[in-house]
1. For Val30, list long-range residues whose amide hydrogen, built 1.01 Å from N in the peptide plane, is under 5 Å from its own amide hydrogen.
2. Divide the volume of the convex hull of the Cα atoms of the chain by its number of residues and quote the answer in cubic angstrom per residue.
3. Hey, which lysines would be in cross-link range of Lys48, C-alpha to C-alpha under 22 Å, not counting anything within fewer than 8 residues on its own chain?
4. With a 1.4 Å probe and all protein chains in place, put Leu107, Leu115, Leu101 in order of accessible area, largest first.
5. Label-point separation (nm) for Phe147 and Glu98, each offset 7 Å from Cα along Cα-to-Cβ?
6. Just read off the accessible area of Thr125 with the full protein assembly in place, 1.4 Å probe, to the nearest 10 Å².
7. Straight-line reach only, C-alpha to C-alpha below 23 angstrom: list the lysines that Lys105 could link to, leaving out same-chain residues fewer than 8 apart.
8. Under the rule that an exposed site lies in a DSSP loop and has at most 16 other Cβ atoms within 10 Å, name the longest stretch of the chain with no GluC sites (Glu not before Pro) of that kind, not counting the sites themselves.
Amino acid sequence: MKESEIETMVMAFGEAVDIAYESGFDAVEVHAGHGYLISQFLSPYINKRKDRWGGSFENRTRFMISAMQKVIGTAENRIAVLVKMNMRDAVKGGMEIEESLQVAKILEELGVGALVLSGGLVSRTPMYVMRGAIPPLIMGHEMTNPFMKIGVSLFGGRRV
């Protein structure tokens, strides 16, 4: 993303809050986990930027802070703000609990009403996101294509 695109995206977070409020919602949940946009900036595994949006922890939190300041400012106590965030990315070189605790503290200081704790990157560790063992037999049982049914049942655990 170019600098101008980042600023446009921050503004869009605020616009989304207005849309939710005008639509009658009581709360918004900002998704800052699982490898989605905010998580991409936070994660040292994903964020390889060399500018003020990447590198150090302070730089990697800059987008989240900017977006959340816009969200909370737009919410103006009219609508509750929750944030779903990773505690761990579950990949080598990703966010770990120590940094996630710092992120949680920043979000608390910004005025977020609640945190929804999760973890994993959907593109790299999908079963970590879902929590628990990979259920290839159950997954295979639900397949309608006989080749997929056999393939998932026999090799699904290794593939995922």
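1. Leu82, Val83, Lys84
2. Numbers: hull volume 23.4 nm³, N = 160.
Cα convex hull per residue, to the nearest whole number: 147 Å³.
3. Lys2, Lys92
4. Details: Leu107 0, Leu115 70, Leu101 100 Å².
Listed by decreasing accessible area, they come as Leu101, Leu115, Leu107.
5. Taking the simple label geometry, Phe147 and Glu98 are separated by 4.9 nm.
6. So the heavy atoms of Thr125 present about 20 Å² to solvent.
7. Here the lysines satisfying the reach criterion relative to Lys105 are Lys70, Lys84.
8. Numbers: sites that count: Glu76, Glu96, Glu142.
Here the longest segment lacking exposed loop sites spans 1-75.
The values are calculated or read from the model by the stated rules, or taken from the named source; none is laboratory data. Computed from a predicted model, the values in this text were never measured in an experiment. All Cβ positions, glycine included, derive from the backbone under ideal geometry; neighbour counts span all protein chains shown. Keep in mind that these areas ignore ligands, DNA and RNA; they rest on the heavy atoms of the full protein, side chains included. Shrake-Rupley method; radii C 1.70, N 1.55, O 1.52, S 1.80 Å.
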